[in-house]
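To start, the structure itself, in structure tokens.
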Amino acid sequence: MVPRRLSPGASGGGDTYGGYRARLVETLRVQGIRDLAVLKAFAEIPRHLFVPEAVRHRAYEDVALPIGNGQTISQPFTQARYLAALRLTGREKVLEIGTGSGYQTALLGALAATVFSVERVETLARAAQQALRLAGATNVSVLHGDGTLGWSAYAPYDAILVAAGGPEVPRPLVEQLAPRGRLLIPVGARGAQTLTLVERDDAGIRQIPLGEARFVPLVGEHGFDA
Ligand code: SAH
């Protein structure tokens, strides 16, 4: 699948990082990521544009990296598992909570039709917007605000992905999920959660635990206190 609306020069000057990116994709494949669309997205999105200069030389290592304001860009393997679980086809309208660096937003942009992303830290939201522009991602929009309230203006969403761990599934997010939509969120205590898949079908809401996760806290009205 070709990522939508990414300009040919998106990877930057002559694509110096192409080889590193190919190696990252190989690392993901060896660890069991088999979803071809997901692997293709990792092969095409320039992660180095989403990390601070100080750690740019490590941009294609399969590790989480600091992005400022006490936040991190997640480990690619974790993101790949997460994205594969959403089973996107390229036609979806997606809501992401916790833009962070914007890297995952760009991956989602390559895997879905449109992406709306909410970030509560204003400086991160601004930096992410800039990086996304530089990467040539035009089917994504970033909002500064409390993502536990969702983004009602564009609801309902076919998929919702929460990149921070909350004490419960925020009710507004369930309400903004389309019929047959999928919502992924780490639920539990600060520092130790269960990655939870919430599915909405004709019978109602189902919650399926997918394993342990460790994400930064989801802070907001339907999350933890700041
Ligand atoms: N996936 C991101 C990393 C996300 S880290 C990446 O690829 O870089 C989690 C982010 O969630 C942090 O930036 C944090 O500020 C944000 N966050 C925490 N609570 C939030 C809330 N209520 N609404 C929006 N963003 C929130």
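At-a-glance table
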read-out	value
The chain: relative contact order as a whole-number percent, Cα under 8 Å and 6+ apart	15
Translational D in µm²/s for the range 77-118 (Stokes-Einstein at 4 °C, 1.567 mPa s, Kirkwood Rh from C-alpha pairs)	127
Listed residues Ala85, Val142, Val51: farthest to the positive end of the dipole of the range 18-213 (Cβ charges)	Val51
Expected 222 nm ellipticity per residue - DSSP helices of 4 or more, -39500 (n - 2.57), all of the chain, to 500	-8000 deg cm²/dmol
Distance in nm between pseudo-label sites at Arg58 and Asp201 (7 Å out along the Cβ direction from Cα)	4.3
Among Ala128, Ala112, Ala203: highest mean-square fluctuation, GNM of the chain, C-alpha pairs under 10 Å	Ala203
Distance in nm between pseudo-label sites at Glu221 and Arg87 (7 Å out along the Cβ direction from Cα)	3.3
Percent of Cα-Cα distances greater than 21 Å, calculated over the chain	51
Dipole-positive endmost among Val162, Ala203, Gly19 within the chain (Cβ charges, Cα centre)	Gly19
Label-point separation in nm, Arg23 to Glu212, each point 7 Å along Cα→Cβ	3.0
Accessible area expressed per residue, the range 18-213, with surrounding protein chains retained (probe 1.4 Å, Å²)	43
GNM result for the chain, Cα springs below 10 Å: residue of Asp35, Asp202, Asp146 fluctuating most strongly	Asp202
Extension gain, Glu122 back to Arg190 (0.36 nm per residue minus Cα-Cα distance, nm)	22.3 nm
Charged-residue dipole, Cβ positions (Lys, Arg, Asp, Glu), the range 125-226 about Cα centre, Debye nearest 20	300
The range 91-133, relative contact order [Cα under 8 Å, separation at least 6], %	48
Longest segment of the chain lacking GluC sites (Glu not before Pro) that sit in a DSSP loop with at most 14 other Cβ atoms within 10 Å	1-167
Choice from Gly166, Gly181, Gly147 with maximal GNM fluctuation in the chain (Cα, 10 Å cutoff)	Gly181
Within the accessible area of the range 18-213 (1.4 Å probe), percent carbon and sulfur	51
Under-5 Å amide H pairs with Ile97, H placed in peptide plane, nonlocal only	Val118, Leu161, Val162, Ala163
Loop-located chymotrypsin sites (Phe, Trp or Tyr not before Pro) in the range 143-226 whose Cβ has at most 12 other Cβ within 10 Å (DSSP)	none
Between the range 204-221 and the range 138-188, the alpha-carbon center distance in angstrom	11
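The values are calculated or read from the model by the stated rules, or taken from the named source; none is laboratory data. All values derive from a computational prediction rather than experimental measurement. When we count neighbours, we look across all protein chains shown, and the Cβ atoms used for this are built from the backbone with ideal geometry, even at glycine. For the accessible areas, the whole protein counts, side chains as well, though only heavy atoms, and no ligand, DNA or RNA atoms are used. Shrake-Rupley method; radii C 1.70, N 1.55, O 1.52, S 1.80 Å.
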